[in-house]
Every structure is written in C-alpha cells, then in structure tokens.
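Structure first, commentary second.
The values are calculated or read from the model by the stated rules, or taken from the named source; none is laboratory data. In this text, all values refer to a predicted model and were calculated from it rather than measured experimentally. Cβ sites come from the backbone with ideal geometry, for glycine too, and all protein chains shown count toward neighbours. These area figures cover heavy atoms from the full protein model, side chains too; ligands, DNA and RNA do not enter into them. Shrake-Rupley method; radii C 1.70, N 1.55, O 1.52, S 1.80 Å.
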Amino acid sequence: MAKQIQIDLTPEEYASEAAVRRAVERALGVADNHMDDPWRITRRSIDCRRRKVVYHCTVEVGTVEEGVKNVGGGENGKAEGMKGSGVKEAQRIVIVGAGPAGLFAALRALQVDMKPIIVERGKPVEERKADIVGMVRTKEVNPDSNWCFGEGGAGTYSDGKLYTRSTKRGDVGEVLRLFVEHGADPDIMVDVHAHIGTDRLPAIIARMRDTIVSGGGEYHFNTRVSDLVVKEGRVCGVVANDEVIEGDAVVLATGHSARDIYELFARRGWLLEAKPFALGVRVEHPQELINEIQYHGRGYSKLLPPATYSLVTQVGGHGVFSFCMCPGGVIVPAATAGGQQVVNGMSNAARNSAFANSGIAVTVNPEDVGAEGPLGLLEFQKQVEARAFEAAGGCIDAPTQRLVDFLERRPSSRLNKSNYMGHCVSAPLHEVLPQFVVDGLIQAFKDFDRKMRGFITTDASLLAVESRTSSPVRIPRDKDTLQHPQLRGLYPCGEGAGYAGGIVSSALDGIRCVESISLQR
Ligand SMILES: Cc1cc2nc3c(=O)[nH]c(=O)nc-3n(C[C@H](O)[C@H](O)[C@H](O)COP(=O)(O)OP(=O)(O)OC[C@H]3O[C@@H](n4cnc5c(N)ncnc54)[C@H](O)[C@@H]3O)c2cc1C
C-alpha cells in the first residue's frame, strides 16, 4: 500500500536525488540508505514566504504507479484513449474556434464517439507563426491571424501557465494528462504552478490536431464563421466563408477577442449580457530584482527558478490584481485588428529572459463607466485600446512610462530597456487610461511595494494597455444543459462566452459542453 508523506527541502537538497532520498528516509524513520521501497515526488511547490526558501513536496512511497507516459501523439499520431476513425458516421459537432476550449471539446468528442468539425478563422499553428513575426516587423495586424487568432487560440503564444482556481468545474488532471500525452513535460502533473512555455506549445497543438484528424475529426482553417443556421429555434450549423457547415450541435468557442461574434448576436437580437472585466497595464521589472525581492536578497540560491509573484488589493471598491505574470518573459502586441493597441505576456519553457512582466488590472463594472446595454463595456474597451493606439503614434508600438513617473503623473523623459516585441514610445499613461484606473493603479502599486519591498523602482516600466484580461460580454447559457436560452443546440463555451479565464478553465469548459451534448443524445 502506497504511503504519502510531506517533506520540505532546501533548493540544494531538492537538486540532489541522494539528499531527497535521505529526507524521505528520515521522514519515515528509516536509517540512511535503508529504504527499499520505490518512491516519487507527486506534488511540489516553492514556498518563499519565509527567509528560508523551501520546496514543499508530497512524496509517494510504496507501490508507485508508472508515471504518466509521454506518448507525444504516438506512432500513428494518436494519443492514448482516443478513438480510431470510427466516428465518421457519428453525431457531428461543429466547434467554432481551435483555442483550448475548442481543442479539448474536440478531444472529448472523440472519446464519446462524436465527430468534431473544427472551424477556425486563423491558420495552422506552423503558418500562424510567420504572421506573428510579420506583425512585429510591419506593425500591421492580420485580423484572422495574430497573437489571439489561429490554431491553439490565445493560449499558443503564451506562458502556458496551467494553474486554475476552477477545480470544481471538472477534472484538471485530465486536461494535464492530455497535454502530457501530446508532448508536454510530465512534470506539469507535479508542479503546483506548472507552465509549458511558448516554445513548446505549438508542437503540442499540432499533435492534438494529428489526434483529432486521425480519430475522424475535421479541421477547416482560414474559415471565419459569420452567422449561425437556425431552424425552428434550433442551431443546426454555421455560415462560414459563404458556405454552410452543418452539425447536430454547435460549440461556440471563439474567445474574448471575437468582437464580430458579439456584434452578430446583437444584430440578430440573440441574448447577450455585459460582463465586468479588468483593465490596466503590463508592468516590467528586471527578473533579477524580482528574484532578490521574492527570495530575500542577493544571496538567494541560484538553483531556484525565476521567481513569480501574485498580488491583489482593493482600492475604492475596485479589485486591483496582478494577472498572467510571466517570469523571464516577453511582452507581446496582442491587438486583433487595426486601430487597437493591446499588450500581453509570454515566456519560453526556460523562462530565461532578463525581464519579468505581469498584467496589473483594475476591475471595471458597467456603472463605473456609464456603460449601457450588453455591448456597453465592449465599446468602452475599444475606446481605451484606440486611445492607446493613438498614444503610440497610430501603430502597435507600446505606449510606455516609467513606473516612478506614472506615480508622479508626469511623462517619462527617458525609458528603461524593455523586452517588448516591438518599439516602446514614451506616453503619459496617466492621461491615456481612465482616471479611476489610474487612481486604482497608483494606490495598488504603493500597496504592492509594501508587500514586495523594491517593487517601485526606477527600473520598472508600464506598457499599455492590458485590456484583454477577460471578456466584457457574456453569451448566456442554461446552467444545466449549457445551451443558449433562445438557441437550442448552441453551446456558448470558454473564455469568449464568459465561462472561463485561462487555458485550463477554458479546456475544462470545452469538455463540459461536449459532455452535456452527449447527455442529450
Ligand atoms: C499572449 C497571451 C498569453 C497568455 N498566457 C496565458 C497563460 O500563461 N496561462 C493561461 O491560463 N492563460 C493565458 N492566456 C489566456 C488564454 O490564452 C485564454 O484564456 C484561452 O486561450 C481562452 O481559450 P478559448 O478557447 O476560450 O479562446 P481562445 O484561445 O481565444 O480561442 C478562440 C479561437 O476562436 C477562433 N475564432 C474567433 N472568432 C472566430 C470566428 N468567427 N470563426 C472561426 N474561428 C474564430 C480564434 O481564431 C481562436 O483560435 C494568455 C493569452 C494571451 C493572448
């Protein structure tokens, strides 16, 4: 019978298998080098709240099951547990969007003998990369292929952080297992704060495609959905590139940047709701400084990974919080159309750049900005992004200000070095952003500096605008069947529908929607 024990290890102990073994033996009361049972670390996290930084580890001793097999798509490109091509004649589910919600919906569909038909406005992940690189060079945004749109969705060129608070919404372990079966490092099953890295994600997404296609699913790339086919209150397909793609059910997983989909719903008079979201800036520090703050001084162990942080405070009724923190990361232009300036962050698996960045966002409710109607907050979001675009001189350069200047509400006469993928231009963000956001950020930065001494520094920069934190619109659905209240057969899904935020919760929502379709067969 396997036994689970908890041990704490210094970074030096953690780096040595012999030292970990000795710690396990001591915890079990066994003399050094006398433990015969197999053992493995099943959970690990770094605790840097006290001066002495430790790894908290859960260790399983005894009958240790074989670790997760890294089949990477397997010989025939299929992950284990997926069906063969037996779904050809099965129920057809049209899945709009190949982001995490859409891909995991498709993988689940194969498991329950349904045929997933993925309709994606963007390109396969291999071709998408050229557009992203081109976007940085030409400063032109392709509205169908960018940091948010294309195979893998917004999660592809990201840090690939895999932690979520929505553990009640489904089996997080299943999502992680599917990532591992498609080539992710099995360590993501062990790390409490796991991430994959943008250099590894595209290959994983491509292997998921192999699994879906070889299991009998279909992909339609470069195919933007512009309408739904509705017969007698039931959705039975989509219109894309002027053609109809029929299905027995439609999963709408278009992400929070598919504004044309929200506008379609508004035009057609289908139910939509405004949803609070958050808005702010991306703050960038030298990673070394964040390491020194979090790991308590310059003498920290260099065996530790680049440090992260997570901060939250309340200012005048608004939550202000750090969001999508990317240690050793890069800031990217995340606009999805011309006339917008948006920033976000990503990191490689090694998180090895010299910069740490994080979104810092203030919650926005309709009453804060006098927004009316379901698209009121979306209009507000658009206006702020357009102001940021103008502040950059009418392009996707990043309007930037030093943190210390922002606090004094004065323009920056010089800027720090930045790891933005593009150019930074000095801009008075205290004038570009709405005043309640500026006030919230200023108070929050002072509070964050009390929690992390040194957070306010001349070396920190703010880049604007961090506006795609979550969707400002919700596409409602019945809480039991997950179908749109007016449109039977339509399953609003993932972040764009307002039911998820992040890779794992969107993936879980995709799985849930397909399970609901399956129950109603
Ligand atoms: C740069 C960046 C870094 C991020 N880092 C992280 C991170 O580290 N961890 C984390 O958990 N989250 C991260 N996120 C957020 C995460 O990516 C999203 O929460 C997640 O991708 C949402 O999944 P989704 O499937 O609901 O939507 P999306 O991923 O947005 O996918 C929607 C898909 O629908 C397609 N689409 C849109 N409209 C149409 C249409 N009309 N017809 C056909 N197809 C359409 C799009 O092209 C896209 O592929 C990051 C986001 C960005 C932009």
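Here are a few things to note about the model shown:
- Whichever residue in segment 242-254 is touching a residue at least 60 places away in the same chain (Cβ under 8 Å) and away from the ligand (no atom under 13 Å from the Cβ) and, among such residues, is surrounded by the fewest Cβ atoms within 10 Å (Cβ to Cβ): GLU246
- Hits in segment 193-227 - residues which are open to solvent by less than 50 Å² (accessible area, probe 1.4 Å) and more than 21 Å from GLU151 (Cα to Cα): ALA194
- Filter result for the condition that a residue is over 29 Å from THR308 (Cβ atoms), crowded, with 18+ Cβ neighbours inside 10 Å and modelled with pLDDT of 65 or more, over ALA105, ALA23: ALA105
- Residue check for SER257: touching a residue at least 12 places away in the same chain (Cβ under 8 Å), of a type in the set (Ser, Thr, Tyr) and within 13 Å of the ligand (Cβ to nearest atom): yes
- When restricted to residues that are among the basic types (Lys, Arg) and near the ligand (Cβ under 8 Å from one of its atoms), segment 128-161 contains 1.
- Members of segment 506-521 found to be open to solvent by less than 40 Å² (accessible area, probe 1.4 Å) and either under 22 Å from LEU378 (Cα atoms) or of a type in the set (Asp, Glu) (or both), listed by number: SER506, ASP509
- Among (1) more than 16 Å from the ligand (Cβ to nearest atom); (2) touching a residue at least 24 places away in the same chain (Cβ under 8 Å); (3) farther than 30 Å from GLU367 by Cα - the single one ASN291 does not satisfy: (2)
- Between LYS115, LYS123, the distinction of being more than 23 Å from ALA500 (Cα to Cα) and not in a loop (DSSP other than H, G, I, E, B) belongs to LYS115 only.
- Checklist (1) part of a loop (DSSP other than H, G, I, E, B); (2) surrounded by fewer than 19 Cβ atoms within 10 Å (Cβ to Cβ); (3) in contact (Cβ under 8 Å) with a residue 40 or more places away in the chain applied to ASP480, failing item: (3)
- Residue check for ILE442: more than 16 Å from the ligand (Cβ to nearest atom), among the aliphatic types (A, V, I, L, M), in a loop (DSSP other than H, G, I, E, B) and outside the structural domain of ALA194 (by TED's automatic domain parsing): no
- Residue check: VAL425 meets all listed conditions (1) open to solvent by 10 Å² or more (accessible area, probe 1.4 Å); (2) within 26 Å of TYR309 (Cα to Cα) but one, namely (2).
- Some residue of segment 399-408 being of a type in the set (Asp, Glu) and either surrounded by 21 or more Cβ atoms within 10 Å (Cβ to Cβ) or modelled with pLDDT under 95 (or both): yes
- Segment 143-154, residues that are open to solvent by less than 10 Å² (accessible area, probe 1.4 Å) and either out of contact with any helix residue (DSSP H, G or I) (no Cβ under 9 Å at 6 or more places or on another chain) or not in a loop (DSSP other than H, G, I, E, B) (or both): SER145, GLY153
- Extreme residue, farthest from GLY153 (Cα to Cα), among residues of segment 213-241 that are outside any strand (DSSP E or B) and within 14 Å of the ligand (Cβ to nearest atom): ASN241
- Residue in segment 111-127 that is closer than 16 Å to LEU508 by Cβ and either in contact (Cβ under 8 Å) with a residue 60 or more places away in the chain or within 14 Å of the ligand (Cβ to nearest atom) (or both) present: yes
- Filtering VAL504, VAL465 for residues that are within 16 Å of the ligand (Cβ to nearest atom), assigned to a strand (DSSP E or B) and under 21 Å from MET325 (Cβ atoms) leaves a single hit, VAL465.
- Number of positions in segment 1-17 that are closer than 14 Å to LEU304 by Cβ and not in a helix (DSSP H, G or I): 3
- Taking first residues from segment 17-43 that are aromatic (Phe, Trp, Tyr) and partners that are assigned to a loop (DSSP other than H, G, I, E, B), the Cβ contacts under 7 Å between residues at least 6 apart in sequence or on separate chains come to TRP39/VAL64.
- Residue in segment 485-499 that is more than 17 Å from PRO276 (Cβ to Cβ), open to solvent by 10 Å² or more (accessible area, probe 1.4 Å), part of a loop (DSSP other than H, G, I, E, B) and of a type outside the set (Val, Ile, Thr) present: yes
- Residue match in segment 162-173 (condition: closer than 12 Å to VAL504 by Cα, within 13 Å of the ligand (Cβ to nearest atom), polar (S, T, N, Q) and open to solvent by 10 Å² or more (accessible area, probe 1.4 Å)): yes
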